[in-house]
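**Student:** Have a look at this one.
The values are calculated or read from the model by the stated rules, or taken from the named source; none is laboratory data. Just so we're clear, the structure is a prediction, and the values are computed from it rather than from any experiment. Note that each Cβ is placed from the backbone with ideal geometry, even for glycine, and that neighbours are counted across all protein chains shown. Areas reflect the complete protein model, heavy atoms only, side chains present, ligands, DNA and RNA absent. Shrake-Rupley method; radii C 1.70, N 1.55, O 1.52, S 1.80 Å.
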Amino acid sequence: MTEPTTPGVAVRAPAKINLHLGVGPVRADGFHPLATAYQAISLFSTVTASPAEEWSVTCTGGVGIDVSGVPLDDTNLALLAARLLAKDAEVDQPVALHIDKGIPVAGGLAGGSADAAAALLACSVLWDLELPPMRLLELAAELGSDVPFGLLGGSAAGHGRGELVEPLPDSGSYDWVVLTFPTGMSTPAVYAEFDALHAGVTVPDPEIPADLLAALRGADVRGLARAVGNDLQPASLRLRPQLAEPLQAGLDASALASLVSGSGPTCLFLCSDAEHAVRVAAALAAYGRAQVCHGPVAGASVVAVP
């Protein structure tokens, strides 16, 4: 796969992590109500949209990122986003999309959703649509639960399926170690395991913990460490028990908190500062690719215009 040679609009979008992921009982439509606190972190993918004679998508990956499982047909979420925007805005201009992935695939970091958010913004700029941000968010919500947050970035509360987002007051900056693995996990399989674990049990409606919101408002990293959580983590560990070892190893290496990111398998380790994160990452290097990141960062943003 080669990168496009025609100049286009390039948009960078961040990975997301869930500081808290509360999962409610499965609904009649098969989805689970969520109450989640999102944070955008400094892992990015870039989508370039260029005018073309027909619709297409190509993809390359950064160091250590396997993109062999990324669909390059009409099921690709970024391409779906571009087509949805074209239909909504009555634009008759195919685009060639190129995705340069810096976010691991199927890692619980919403990489595909970031691609879709980037494609929406890139095509909006390419076609000079000047759409209000709220309209882009509405279209993003039609594409998937995490796509609106890819546009918004920062720290935010997510409700519904996660697609109803609003910014959270957050005056802090947080340092993370993000531990990724060569093989991803299936989000539907993790939710199915969650349902199996809760068969016959009343699952309460989810809420974002008040102490987590207070920690964000006060930029209290240790308070945040006490408040983070993920209702899907037991299901992820049932499907991949070997994740328990690096989660504990991070704590043994003095991380303030460890948890599975979203549906997994990526593991997150909150640290007190950047130097602390470097030390924790070194202790985890034997388990996978340990990267030092920070958050919150901005959502999808234009990085190049022809």
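**Student:** Would you point out the residue of the range 291-300, among those that are touching a Pro at 6+ places or on another chain (Cβ under 9 Å) and part of a strand (DSSP E or B), that is surrounded by the fewest Cβ atoms within 10 Å (Cβ to Cβ)?
**Tutor:** ALA298
**Student:** Within the set of pairs 6 or more residues apart or between chains, which connect a residue that is over 15 Å from GLN233 (Cβ atoms) inside the range 181-196 to a residue that is in a loop (DSSP other than H, G, I, E, B) and among the acidic types (Asp, Glu) with Cβ atoms less than 9 Å apart?
**Tutor:** Going by the 9 Å Cβ cut-off, the qualifying pairs are PRO182/ASP66; THR183/ASP66; GLY184/ASP66.
**Student:** In the range 199-214, what residues are over 26 Å from ALA225 (Cα atoms) and without any contact (Cβ under 8 Å) to a residue 12 or more places away in the chain?
**Tutor:** ALA199, GLY200, VAL201
**Student:** Let me ask something else. I'd like to know if the range 54-64 contains one or more residues that are hydrophobic (A, V, I, L, M, F, W, C) and over 20 Å from LEU143 (Cβ atoms).
**Tutor:** yes
**Student:** Which one is nearest to THR58 (Cα to Cα) among residues in the range 120-169 that are among the acidic types (Asp, Glu), out of contact with any strand residue (DSSP E or B) (no Cβ under 8 Å at 6 or more places or on another chain) and free of Cβ contacts under 8 Å to residues at least 12 places away in the same chain? Steps first, answer last, please.
**Tutor:** Quick first cut of the range 120-169, residues among the acidic types (Asp, Glu) only: 128, 130, 138, 142, 146, 163, 166.
With the extra rule that they be out of contact with any strand residue (DSSP E or B) (no Cβ under 8 Å at 6 or more places or on another chain), the set shrinks to 128, 130, 138, 142, 163.
Restricting the remaining residues to those that are free of Cβ contacts under 8 Å to residues at least 12 places away in the same chain gives 128, 130, 138.
Values: ASP128: 23, GLU130: 26, GLU138: 26 Å.
Per the criteria, the residue is ASP128.
**Student:** Please specify each residue of the range 99-114 satisfying the condition of being touching a Gly at 6+ places or on another chain (Cβ under 8 Å) and of a type outside the set (A, V, I, L, M, F, W, C).
**Tutor:** Correct list: ASP100, LYS101, GLY102, PRO104, GLY107, GLY108, GLY112, SER113.
**Student:** When residues of the range 77-96 are filtered for being over 15 Å from GLY150 (Cβ atoms) and in contact (Cβ under 8 Å) with a residue 12 or more places away in the chain, how many remain? Even if it seems obvious, please write down each step before you answer.
**Tutor:** First, pick out the residues of the range 77-96 that are over 15 Å from GLY150 (Cβ atoms): 79, 83, 86-96.
Checking which are in contact (Cβ under 8 Å) with a residue 12 or more places away in the chain leaves us with 79, 83, 86, 88-89, 91, 93-96.
Of the residues in that region, 10 qualify.
Every residue, every condition in (1) open to solvent by less than 40 Å² (accessible area, probe 1.4 Å); (2) out of contact with any Leu (no Cβ under 8 Å at 6 or more places or on another chain); (3) over 30 Å from LEU179 (Cα atoms), yes or no:
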residue	(1), (2), (3)
LYS87	no, yes, yes
ASP100	no, yes, no
ALA117	yes, no, no
MET134	no, yes, yes
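**Student:** Write out, first by first residue and then by second, each pair whose Cβ atoms fall under 6 Å of each other, whose residues are 6+ apart or on separate chains, and whose first residue, in the range 52-70, is at positive phi while the second is charged (D, E, K, R) and surrounded by fewer than 18 Cβ atoms within 10 Å (Cβ to Cβ).
**Tutor:** GLY64/ARG289
**Student:** Please indicate, with yes or no, whether at least one residue in the range 138-152 is modelled with pLDDT under 95, in contact with a Leu (Cβ under 9 Å, 6 or more places away or on another chain), among the hydroxyl-bearing types (Ser, Thr, Tyr) and closer than 30 Å to GLU54 by Cα.
**Tutor:** Yes: one or more hits.
**Student:** Out of the residues in the range 256-290 that are of a type in the set (S, T, N, Q) and out of contact with any Ser or Thr (no Cβ under 8 Å at 6 or more places or on another chain), which is most open to solvent (accessible area, probe 1.4 Å)? So that I can check it myself, show each step before the final result.
**Tutor:** Within the range 256-290, the subset of a type in the set (S, T, N, Q) is 258, 261, 263, 266, 272.
Applying the additional criterion that residues be out of contact with any Ser or Thr (no Cβ under 8 Å at 6 or more places or on another chain) yields 258, 261, 272.
Values: SER258: 28, SER261: 0, SER272: 53 Å².
Restricting to residues being of a type in the set (S, T, N, Q) and out of contact with any Ser or Thr (no Cβ under 8 Å at 6 or more places or on another chain), the top hit is SER272.
**Student:** Looking at ALA28, is it modelled with pLDDT of 95 or more, over 30 Å from ALA225 (Cβ atoms) and either open to solvent by less than 20 Å² (accessible area, probe 1.4 Å) or over 20 Å from the mean Cα position of the chain (by Cα) (or both)?
**Tutor:** No; evaluated as a whole, the condition is false for this residue.
**Student:** Would you mind stating whether ALA117 is farther than 26 Å from HIS276 by Cβ, touching a strand residue (DSSP E or B) at 6+ places or on another chain (Cβ under 6 Å) and at pLDDT 95 or above?
**Tutor:** yes
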